[in-house]
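The values are calculated or read from the model by the stated rules, or taken from the named source; none is laboratory data. Only a predicted model underlies this, so the values are computations on that prediction, with no experimental measurement involved. FYI the Cβ positions are ideal-geometry reconstructions off the backbone, even for glycines, and counts take in every protein chain you see.
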Amino acid sequence: MERIMDEKTRLRLESMETVEELIGWVKRALTDRPGYIIDEKKRTGNKIIGFCCIIGFREILDAAGVIYTPPLTTPVEDTEDSRINTTSDIAAGERYLPKTFCPIPKSMLGRKIKGNDPLLESIDLFVTPSICDCRTKAFEYMAQLVPTYMFDVPKKFDEPAAFEYFKNEVGNLRKKLETFIGHPIPDDAIAESARIFNRNSELQYEHCLLRRNDPVPITSTDSFFAMTCDMKLNVRDANVFLEILNKKMRERVARKEGFKGVRLILAGAPLARSALTLYQTLADCGVQIVAEDTCAQARKFFDFTSAHLIDLNNGDIIHALAKKHMRLPCAIYTPNSKRIELLENLVKSFNVKGVIYHALENCAPFNAEYEKIKAAMNRAGFPVLRIDNTFATSDREQQKLRVQGFLEMVGS
Amino acid sequence: MYAGIDVGSRVTKAVILDGDGIRGCALEDNIPQPLASAHSALAKALAASGVGRDALLYCVGTGYGRDCLDFVDARRTELSCDGCGINFIRPDARTIIDIGAQDSKVIKIDGSGAMLDFILNDKCAAGTGRFLEVMAGAIGLSVDMLGEYSLRSGKPCLVNNTCTVFAETEVISLLSSGNKTEDIAAGVHKAIASRVGNCVMKLGAEPEVVFAGGVAKNQGVRSALEQLTGVRFATLSIDPQFVGAIGAARIACQLYKKKENA
């Protein structure tokens, strides 16, 4: 996939003085990315594959030599432009899907139905895991509009037979991609991609650990861009970026500079587009989110003892990939006690006053785990505030009252 | 003297407090706009206390409109103020159910009035005073009469819809099917009690439980909630609508003393 990080850009980034300047660069790069990808397809004739979850097996997509991207041109705020208006996307999605479905797949399907997002329209194949029921059913409709391959994710995390089944599904995904591109994807190519993704994990893990410092060297919004840039940029570019960013963060920590505020953990449903609104509301109230139990962020490093790399010494690369991806404590798994372990580790090691639980409207698995998480956190002595969030920006005032009340409660 | 001003979505309440207790209070409808109502409510409360504005040492604003109060020394959420206000009136209270015009909340507090946990209603009118207003309008009663009427009911109607608009339609159809006004009123109260009762059950009701906010004056809602939760609410010696403003005034006193000692 096309790279934007040439030597000149790298030197320019290295010469930047602040974390914020670097984030400014990555935001622009992310904004420009859909255009780049579409141009690259036009120029090279290469196929674009849309992946829809952190369990997207990007290592195989990368080794296949295709262009791969999350499907949506994500706007920062709802705009007048109906092309990128989430509310109208959801309304379009409800032509097929129930009102009580999660807004994430609903908005994705809705935008495809509207047919006016250039990036979404240029996707040749969707690859998606059967994560939750909402996503699974949404992609059954999506398959009527664009070729879609769904691989199955068994729900019993620790069952050996479930793992064997999952590994088989990953093998089938590889075969499907080989048929799609018309040539084999060799093991060593996958292993080479896995090595690059391992480097990404190490850098992200370091990034997470740097946020344990007080003052915290990066705001939660900026960290969100840093921790998710590997999804949209070429992962090699993301690695160069993160190396430079982490260095700047380390320097800031050494100078004891950064951001003060009421330190909290954010847990809960996928943040996606609504993240920025929520982060802004929290920041307006004086909160510094220092770690997130979300799939793009700290959840990946669930026991917080290592970056959890793909085992490249395992002779069977598909086995190694399956092993890595089936260990992420997503709420679709049962039982999901590893997620509680993660949160217990986070609250204890990040010097926080409590937890904000992000409940996304109609995200059944994560909303259902709220009571369990709350009980575990309360046992550990940490209060939890549940914030109910729709996918829109309209509920900021309601959220603010809850957050301010919570801060008064934790004595800040 | 310390002042607490609670700018609710419908009514603004002001309370003047001194070391010994409440010196005066007043309320004002939020028409035409909250800031003007706050000034007016404060002036009335000061007049009732027999002191002038210059006697005020510290002033705290609360309620959904607290941000518009440009003259206060500090602002606190109605959640903290409710806890502090109730603790002033009933130090033995540990659970507060507060139903206002725009939202409802359940708050757990400790022996000092500090919040331990809280829960607010979903983002809609069900389970709020606004729900009662709309239903009273549909029945053709003033909202103040709804409680009294409902107590005469022998057979409350079932109002199933939690959406205010659909519930209004339901009430209209109950009326046209010939149901008695008092039975419909009692049904409306049961509906609101079930919404708020869910929040109480989620958080758990530790005694003493008190009922505050404007809707607490409605005997019908009170008795429906008591029935549903199986808890008898402790009595309050003051108008439950003033709890938030009392808490704000008390916080004003605490903040002033903290400032003086600093």
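Here is how the numbers come out for the structure above:
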quantity: So A:Y333, is it within 20 Å of B:K105 (Cβ to Cβ), more than 9 Å from every other protein chain (Cβ to nearest Cβ) and touching a residue at least 60 places away in the same chain (Cβ under 8 Å); calculated: no
quantity: Matching residues in region A:131-145 - criterion: being in contact (Cβ under 8 Å) with a residue 24 or more places away in the chain and under 12 Å from A:L109 (Cβ atoms); calculated: A:C134, A:R135, A:K137, A:A138, A:F139, A:Y141, A:M142, A:L145
quantity: Answer from B:K180, B:K202, B:K217 - the residue that is surrounded by fewer than 24 Cβ atoms within 10 Å (Cβ to Cβ), within 15 Å of the chain's Cα centre (by Cα) and at pLDDT below 95; calculated: B:K217
quantity: Looking only at region B:110-164, and only at residues there that are under 30 Å from A:V403 (Cβ atoms) and acidic (D, E), the one that is farthest from the other protein chains (Cβ to nearest Cβ); calculated: B:E133
quantity: Unique residue being farther than 27 Å from A:E251 by Cβ, crowded, with 16+ Cβ neighbours inside 10 Å and not charged (D, E, K, R) when the list is A:I23, A:I48; calculated: A:I48
quantity: Residues within region B:137-152 that are free of Cβ contacts under 8 Å to residues at least 12 places away in the same chain and under 13 Å from B:H189 (Cβ atoms), tallied; calculated: 1
quantity: Residue in region B:150-172 that is among the basic types (K, R) and under 20 Å from B:G100 (Cα atoms) present; calculated: no
quantity: Exclusive hit being under 20 Å from A:P103 (Cβ atoms), touching a residue at least 60 places away in the same chain (Cβ under 8 Å) and surrounded by fewer than 19 Cβ atoms within 10 Å (Cβ to Cβ), set A:N351, A:N367, A:N389, A:N362; calculated: A:N362
quantity: Check on A:R339, buried (at least 22 other Cβ atoms within 10 Å of the Cβ), more than 27 Å from A:N172 (Cα to Cα) and out of contact with any helix residue (DSSP H, G or I) (no Cβ under 9 Å at 6 or more places or on another chain); calculated: no
